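Just below is one structure, and these are the notes that go with it.
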Amino acid sequence: MVKFSKIDKQLEKELKQAIRVVAKKLKLKSRSKNVFDKVGDYFVHYMININFPDNKFRVIVSPYIIDDIFWEVFDMASNSQAPMSLRAVGAFTVDKFFLPDKIATEDWTIEDLDLEKVETKVFEVLSETHEEVCKLISSFSDFEDFYTYVVENAPIPAQYDLMGMLLMIHREQYADALQMAEDLIAKRQLGKFQNKSKWINEYIVDYCKERLEK
């Protein structure tokens, strides 16, 4: 079985179109190879990579409001008015939680690729995966329950410190979020986002102090 890594522009365009067709059938939104939507109070995002022979479906979940809180704290509140796709492909978004990838292996080659078969396989895997994700989401009693699940299942829990602080802010636990941000800054962990020469953990400190003074 030969694995090809290079796909020409025309085939790439046709594969993206096949993904868009499947997304529409499932009543999901799409942009390029990204399929996404709001499910209850959560944002669900699938990144689909058609390859030969392995086809990867990356599954990403987060509270829908997490980016809104981030943008408000980070002085980018206007982003909340942008299309939903910004939450999937934007550079300034909170790290979402990745569930285990779905790998669908097919004996496909570029030379004899049947796009109808590709569409069928994408529909099969994506519909099944989306159903599983919806069931998982329904099992969470609240965002705190979701965050506990994330920390318990993430390979690197510290990657989701920002999400944790933003959820504290959502619950108006400003003192807790402030303490966590100050502790991280004391360890020279300023966060990975910077705006106007100021890092995200510094924004969190200032935001929480302002709320506590009100």
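One table, with the values for the structure above:
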read-out	value
Calculated from backbone phi, Karplus (6.51, -1.76, 1.60) coupling profile of segment 140-157 in Hz, x at Gly/Pro	7, 6, 6, 5, 5, 5, 4, 5, 4, 4, 4, 4, 6, 10, 7, x, 10, x
Mean Cβ count within 10 Å, highest first, over the residues of peptides 59-69, 174-184	59-69, 174-184
Calculated over segment 38-131: convex hull of Cα atoms, volume per residue (Å³)	109 Å³
Cα point-scatterer Debye curve for segment 22-67, base-10 log of I(q)/I(0) at q = 0.17, 0.18, 0.19, 0.23 Å⁻¹	-0.51, -0.57, -0.62, -0.83
Charge-dipole axis of segment 64-175 as Lys and Arg at +1 and Asp and Glu at -1 on Cβ define it, positive-most pick from 113, 76, 103	76
Listed candidates (1) 1.08; (2) 0.94; (3) 1.04 - label of the one calculated as Rg/Rh (Cα atoms, Kirkwood Rh)	(3)
Degrees between helix 9-25 axis and first principal axis of the chain (Cα, 0 to 90, nearest 10)	70 degrees
Accessible surface of segment 59-136, 1.4 Å probe, proportion on carbon and sulfur as whole %	52 percent
Convex hull per residue volume in Å³, alpha carbons only, for segment 66-106	84 Å³
Estimated distance in nm for a label pair at residue 182 and residue 8, the labels positioned 7 Å out from Cα along Cα-to-Cβ	6.3 nm
Relative compactness, segment 1-87, computed as alpha-carbon Rg over 2.2 N^0.38 Å	1.31
Binned Cα-Cα distance frequencies in segment 78-154 - 10 Å width, integer %	13, 29, 35, 18, 4
Gain on full stretching of the segment that runs from residue 85 to residue 41 - 0.36 nm per residue minus C-alpha separation	14.2 nm
Debye intensity ratio I(q)/I(0), log10, segment 160-213, q values 0.20, 0.21, 0.25 Å⁻¹ (C-alpha model)	-0.61, -0.68, -0.95
Relative packing of 102-110, 23-31, which averages over residues the other C-beta atoms within 10 Å, highest first	23-31, 102-110
Stokes-Einstein D (µm²/s) once Rh is taken as the Kirkwood radius of segment 118-214 over alpha-carbon pairs, at 20 °C in 1.002 mPa s	137 µm²/s
Highest-fluctuation residue, 122, 44, 21 considered, GNM on the chain with Cα pairs under 10 Å	21
Max mean-square fluctuation residue, GNM over the chain, Cα-Cα springs under 10 Å, options 17, 81, 159	81
Accessible surface, the chain, averaged per residue in Å² (probe 1.4 Å)	55 Å²
Size of electric dipole in segment 55-153: Cβ of Lys, Arg +1 and of Asp, Glu -1, about Cα centre, debye, nearest 20	180 debye
Length-normalised contact order for segment 35-88 - Cα pairs under 8 Å, 6+ apart - percent	28 percent
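The values are calculated or read from the model by the stated rules, or taken from the named source; none is laboratory data. On a predicted model such as this, the values are computed, not experimentally measured, just so you know. For neighbour counting, all protein chains shown are included, and Cβ atoms are generated from backbone atoms with ideal geometry for every residue, glycine included. Remember, those area values only see protein heavy atoms, side chains included, never the ligands or the DNA or RNA. Shrake-Rupley method; radii C 1.70, N 1.55, O 1.52, S 1.80 Å.
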